[in-house]
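Throughout, read-outs are computed from the coordinates displayed, never taken from laboratory work. The shown structure was predicted, so the numbers you read here are calculated from the model rather than taken from an experiment. Methodologically, a virtual Cβ is constructed for each residue, glycine included, from the backbone with ideal geometry; neighbour enumeration extends over all protein chains shown.
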Amino acid sequence: MLNYVASPNELENKVILVTGAGGGIGKAAALSFAAHGATVILLGRTVKKLENVYDQIVTSGGPEPAIVPLDLKGATAQHYRDMAATIINQFGKLDGLLHNASVLGHLEPLKQITEELFDEVMQVNLKSEFLMTQALLDPLALAPCASVLFTSSSVGNKGRAYWGTYAISKFATEGMMQVLADEYSNTSLRFNAINPGATRTSMRAKAFPAENPDDLKAPQDIMPLYLYLMSDESKSENGKTFVAQPK
Ligand code: NAP
C-alpha cells in the first residue's frame, strides 16, 4: 500500500472533504485525489491558499472542487451541521473525509503549558474532528463505501518530552478513530489513521528548524498511502493506524 498505484480514475464519482487543504500534506492530498477523479471539498482557514489549490485542480482538468472557508478554532457544532446539510444538498453523499488540519502549539515542558494554549490546540486538533465527524456521519452513510481518515503522528502512540498538547491531541485522535471503527465495524463505513512521518512542510520546519528540508520526503511522495486508503481497494481496512514512512 505504500507503493500503491492508483488508476487515473480510481476516485471517480467520489466526493472527498480535506481539512487544511491549502498547504502542506492537505494540499498534496487534495491535488492527488482530484487528479484521480474525485470532487474535492477544500476546507481551510486561508481562502487565498484554497483558491490557489482550486485553480490548480481546474487548470489541470480535474472535477470542479468546492471551497469551505472555516477556522476550526472558532467553528461550532452548528457550522458542521450546516456543512453536512449543504453537502447532502449539493452532492447527495460524502465518500471520503481526511482530517488533516492541525496546529503544533509550542514545544515546551508540560509544566509550562498554559490553559489557553492547551484549549486552542485541543480545539483545532481534536474537538473540531469530533464535531465534524459527528455531523458528517449522515452524508458519509449515504455513500456506498465511505472512508474516514484521521492524521496522527509518531507522538500519537508514544509520548515524547516537550510535545505536550500536540502529542495528547494525537493520542486522543487515534482513540476516537478506534472507537468509531468499533462502533461501525458491521457497516461499509471505515475509520483509519495515517502517521505521515517526517514530511517537508511548514509544521515540520517549525518543529525542527535546524533540519535540512531537502533531506525529507515531500508531501506528494507519501500520497500512494492516502490514495489507497481513500480508494475502494482499502474497504476491508478498519481501526488501523498506517505509517507512511516506516523506519
Ligand atoms: P502544515 O503545513 O502546517 O498544514 C496544516 C494545515 O492545517 C494548513 O493548511 C493550515 O491552514 C490548516 N489549519 C491549521 N489551523 C487551522 C484552523 N484553525 N482552521 C482551519 N485550518 C487550519 O502541516 P502539515 O505538516 O501539512 O500537517 C498535516 C497533518 O500531518 C497534521 O495533522 C500534522 O499533525 C500531521 N503530521 C505532519 C508531519 C510532518 O512531518 N509534516 C508529521 C506527523 C504528522 P493555513 O495554511 O491556512 O494555516
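Per-structure values
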{"item": "Test for residue 172: is it outside any loop (DSSP other than H, G, I, E, B), within 14 Å of the ligand (Cβ to nearest atom) and aliphatic (A, V, I, L, M)", "result": "yes"}
{"item": "Pick from region 215-245, criterion within 14 Å of the ligand (Cβ to nearest atom) and without any contact (Cβ under 8 Å) to a residue 60 or more places away in the chain, ranking: surrounded by the most Cβ atoms within 10 Å (Cβ to Cβ)", "result": "216"}
{"item": "Residue identified as in contact (Cβ under 8 Å) with a residue 12 or more places away in the chain and within 16 Å of the ligand (Cβ to nearest atom) among 146, 198", "result": "198"}
{"item": "Unmet requirement for residue 12, which otherwise passes all of (1) farther than 23 Å from residue 143 by Cβ; (2) among the acidic types (Asp, Glu); (3) over 18 Å from the mean Cα position of the chain (by Cα)", "result": "(1)"}
{"item": "Failed item in (1) among the small types (Gly, Ala, Ser); (2) under 20 Å from residue 225 (Cα atoms); (3) within 14 Å of the ligand (Cβ to nearest atom); (4) more than 15 Å from the chain's Cα centre (by Cα), with residue 37 passing the rest", "result": "(3)"}
{"item": "Residue within region 160-169 that is under 20 Å from residue 78 (Cα atoms), out of contact with any His (no Cβ under 6 Å at 6 or more places or on another chain), of a type outside the set (Asp, Glu) and surrounded by fewer than 24 Cβ atoms within 10 Å (Cβ to Cβ) present", "result": "no"}
{"item": "Check on residue 48, within 16 Å of the ligand (Cβ to nearest atom) and either closer than 19 Å to residue 12 by Cβ or assigned to a helix (DSSP H, G or I) (or both)", "result": "yes"}
{"item": "Per-region count, region 12-34, residues in a helix (DSSP H, G or I) and either away from the ligand (no atom under 12 Å from the Cβ) or in contact (Cβ under 8 Å) with a residue 60 or more places away in the chain (or both)", "result": "10"}
{"item": "Subset tally (residues that are assigned to a helix (DSSP H, G or I) and either of a type in the set (Phe, Trp, Tyr) or over 15 Å from residue 172 (Cβ atoms) (or both)) for region 81-119", "result": "18"}
{"item": "Within region 137-160, tally of residues that are part of a helix (DSSP H, G or I) and among the hydroxyl-bearing types (Ser, Thr, Tyr)", "result": "1"}
{"item": "Residue in region 181-192 that is within 16 Å of the chain's Cα centre (by Cα) and within 12 Å of the ligand (Cβ to nearest atom) present", "result": "no"}
{"item": "Test: residue in region 54-65 that is within 13 Å of the ligand (Cβ to nearest atom), aliphatic (A, V, I, L, M) and in contact (Cβ under 8 Å) with a residue 12 or more places away in the chain", "result": "no"}
